[in-house]
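Here is the structure we will look at.
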Amino acid sequence: MSEEITDQVLELLDIWMEAFNNRDIEGWSSTHNFPHVRIAGGQVSLWETQNDYINHFSKPNMFEYLESVGWHHSEWVSRDFDLISEDKVHVSVVFQRYDKENLPHSKYEALYVVTKINSKWGVQARSSLAP
């Protein structure tokens, strides 16, 4: 059972990263479960709904901001499972940001809490050392 769960969560995280790199805010937000919590940059943020989340990251546009500081795309460096149950997984991740020339830009560690709600896996909480 745990191998099936880890495979499903890894697939979800691949879709998460693909949507993020495609600057697809709706596709990216659809890989989350709500309410969604993010702890980063010394703040705790909570979005009750997917629409709240999309509105927050659209104004100002998060992708435009990231591009202005040299970001072009991101990739997973590692994804390690710390806790696995039938409806909740903790994944310690490391992701790397790259510039247009595919040179490393910055690297961050994070803990993602992935939950299964109504048969759908989604990232429900993130605690990150990213700004």
Problem set entry | Charge sum, other residues only, whose C-beta stays under 13 Å from I84's C-beta, Lys/Arg counted +1 and Asp/Glu -1 | -4
For this session: Specify the inter-centroid distance of the range 1-18 and the range 63-93, based on alpha-carbon positions, in whole Å.
Result: 12 Å
For this session: Go through [x] 32, 32, 30; [y] 64, 34, 25; [z] 42, 30, 27 and flag the label whose value is the computed Cα extents along the principal axes in Å for this structure.
Result: [z]
For this session: List the relative contact order of the range 9-131 as a percent without decimals, with contacts defined as Cα pairs under 8 Å and 6+ residues apart.
Result: 25 percent
Seminar exercise, completed: Other residues with Cβ under 13 Å from the Cβ of E67 give, with Lys and Arg +1 and Asp and Glu -1, a net charge of +1
Problem set entry | Full-extension gain in nm, S127 to Y65, via 0.36 nm per residue minus C-alpha separation | 20.3 nm
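Read-outs: derived from the displayed coordinates by stated rules, not from any lab. In this text the structure is predicted, and so the values were computed from the model without any measurement. As a convention, Cβ positions derive from the backbone with ideal geometry for all residues, glycine included, and neighbour counts pool all protein chains shown.
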